[in-house]
Amino acid sequence: MANSDRPSADISHVYRGTFIHSTQQTALQILEDQLLGVDTDGKIAFIEKGAELNRLSQSFGFSPSEVTQLAQHEFFMPGLVDTHIHAPQYCYAGTALDMPLLQWLNTYTFPVESRFKDLEFARRVYTQVVQRTLRNGTTTACYFATIHTDASLLLGQIANDFGQRALVGKVCMDRNNCVKHYKETNQECQEETRRFIAELLNKKYPLVRPVVTPRFAPSCTGALLGQLGAIAKNNNLHIQSHISENAEEVKLVKELFPESESYTDVYHKYNLLTDKTVMAHGCYLSDAELTLFRETGAALSHCPNSNISLCSGVLDVRNVLKHKVKLGLGTDVAGGYSASMLDAVRRALDTSKVLTIQDPDHQTLTFEEVFRLATLGGSHALSLDDHTGNFEVGKDFDALRVNVAAADGPIDMIQCEGPKVILEKFLNLGDDRNIAEVFVAGRKVVPFSPSLNIASMSVNGTGS
């Protein structure tokens, strides 16, 4: 990871201490007493041993006195990547978990999402969800918005204002027989999706991009799915949706698309499975469907809290990994009741242990493997791993400064522990009180700047 070339940009910050991250080959790599330099473009310029301080300071033109030293119980880790979250549903997160998926959508979700035509309401909710996820260490989020174009654009503006890396999707659905006012015509879906894409790209936000978002096959006609596949291809865009979350849903898809061999085949037929596609859940995918995911380069988002909370199903992550399918973690707010990716880590481990209880031969996931899913795995699933996910030179500095001994925090340090134990304690016991600082592309975004709260109070906004 060393870089001895002269820097193309000046050094902005240098940190010294413990850095913990993943690589494609290693689930957990602990780098103690390292120096990491961040340039003025927010990219990692070098990461080398602390003993190289004098040489590095001369090569990269910084003063050793300017180095920020981490404390004993502090470390840096990559920012957490939430590969599936419904921003509008945050307003009822922690409630309404008493129904299975399809009934839950009709009773709670669609009526709430229909309120987001009100931009003031949308602004309040979207500001809160972006702030909450950032405080919880989510540096990258893949958001579902609603069918409302202007409110979806507002979500993109708010993510940009607060400095969060985000994929934002205006939801498309031209079929909804239960809540009839919450849908668009096929023509409206196409026109508004094109408007959303054009206007969001025209903003030139550095870290916020549109994602083509058919809600899921049951709420879209085949004609709409095909048109959205073409829009994504013509604009080289990401795609997100849901797949095989609930047994009743899988049965419904078979009834609605009888010509398709499987749920996965529905999306594949309409050119919605690409190497920039992420599908949430996948609890009931067959081995043949997983093979199709691998062949197309499409990814899965594992949403264990939601899978359990709505009694939807259990994803066998080990089998997904065995098929070499790209995989990240998602909170899936509000089917998942927590907006914290730390909760997603814990529920992923719990789910794997449940599978081991059912089958003692099942190979339980380790916390190191799940750490990788929450960071580098998520960036890989979103095809952003060239930019973020670990501390490789040249990538953006998306990072959490973690202090496991934070005053009034949830973790009691009984004795001196090594970095691996400290990380495990944070993943199992920590919360936002342990996240001292959050960086996205080299910019400190937590603690928040007071001016950002003021800027996001206006619907028109002043997003840079």
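Some observations on this one:
- Scanning the range 41-58 for residues that are out of contact with any Phe, Trp or Tyr (no Cβ under 8 Å at 6 or more places or on another chain), without any contact (Cβ under 8 Å) to a residue 60 or more places away in the chain and either open to solvent by 70 Å² or more (accessible area, probe 1.4 Å) or part of a helix (DSSP H, G or I) (or both) turns up LYS49, GLY50, ALA51, GLU52, LEU53, ASN54, ARG55, SER57, GLN58.
- The range 274-291, subset within 21 Å of SER379 (Cα to Cα), buried (at least 24 other Cβ atoms within 10 Å of the Cβ) and free of Cβ contacts under 8 Å to residues at least 60 places away in the same chain, residue farthest from the chain's Cα centre (by Cα): GLY282
- Selected residue [in contact (Cβ under 8 Å) with a residue 24 or more places away in the chain and small (Gly, Ala, Ser)] from SER260, SER306: SER306
- Residue satisfying condition, being without any contact (Cβ under 8 Å) to a residue 60 or more places away in the chain, touching a Phe, Trp or Tyr at 6+ places or on another chain (Cβ under 7 Å) and open to solvent by 40 Å² or more (accessible area, probe 1.4 Å), within set GLU417, GLU424: GLU424
- Residue match in the range 329-350 (condition: in a strand (DSSP E or B), open to solvent by 20 Å² or more (accessible area, probe 1.4 Å) and either modelled with pLDDT of 95 or more or in the same structural domain as LEU429 (by the TED database) (or both)): no
- Checking each residue in the range 14-38 for being in contact with a strand residue (DSSP E or B) (Cβ under 9 Å, 6 or more places away or on another chain) and either at pLDDT below 95 or surrounded by fewer than 19 Cβ atoms within 10 Å (Cβ to Cβ) (or both) picks out ARG16, THR23, LEU28, GLN29, ILE30, GLU32, ASP33.
- So ALA122, is it among the small types (Gly, Ala, Ser), modelled with pLDDT of 95 or more and in contact with a strand residue (DSSP E or B) (Cβ under 9 Å, 6 or more places away or on another chain): no
- Every condition in (1) under 30 Å from GLU417 (Cβ atoms); (2) touching a strand residue (DSSP E or B) at 6+ places or on another chain (Cβ under 6 Å) holds for GLU52 except the one numbered (2).
- Only one of the listed residues (CYS178, CYS189) is of a type outside the set (D, E, K, R), touching a residue at least 12 places away in the same chain (Cβ under 8 Å) and either outside any helix (DSSP H, G or I) or open to solvent by 10 Å² or more (accessible area, probe 1.4 Å) (or both). That residue is CYS178.
For every residue, the table says whether it meets (1) buried (at least 16 other Cβ atoms within 10 Å of the Cβ); (2) part of a strand (DSSP E or B).
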site: PHE75; (1), (2): yes, yes
site: ILE85; (1), (2): yes, yes
site: GLY94; (1), (2): no, no
site: ASP98; (1), (2): no, no
site: PHE110; (1), (2): yes, no
site: PHE121; (1), (2): no, no
site: CYS142; (1), (2): yes, yes
site: ILE158; (1), (2): yes, no
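- Among the conditions (1) surrounded by 22 or more Cβ atoms within 10 Å (Cβ to Cβ); (2) of a type outside the set (Lys, Arg); (3) over 27 Å from ASP150 (Cα atoms), GLN103 misses just one, which is (1).
- Filtering the range 385-396 for residues that are assigned to a loop (DSSP other than H, G, I, E, B) and either out of contact with any strand residue (DSSP E or B) (no Cβ under 8 Å at 6 or more places or on another chain) or at pLDDT below 95 (or both) leaves a non-empty set.
- Test: residue in the range 318-327 that is of a type in the set (S, T, N, Q) and not in a loop (DSSP other than H, G, I, E, B): yes
The values are calculated or read from the model by the stated rules, or taken from the named source; none is laboratory data. Please read these numbers as outputs of a predicted model, since none were measured by experiment. FYI the Cβ positions are ideal-geometry reconstructions off the backbone, even for glycines, and counts take in every protein chain you see. Ligands, DNA and RNA are excluded from the accessible area calculation, which covers all protein heavy atoms including side chains. Shrake-Rupley method; radii C 1.70, N 1.55, O 1.52, S 1.80 Å.
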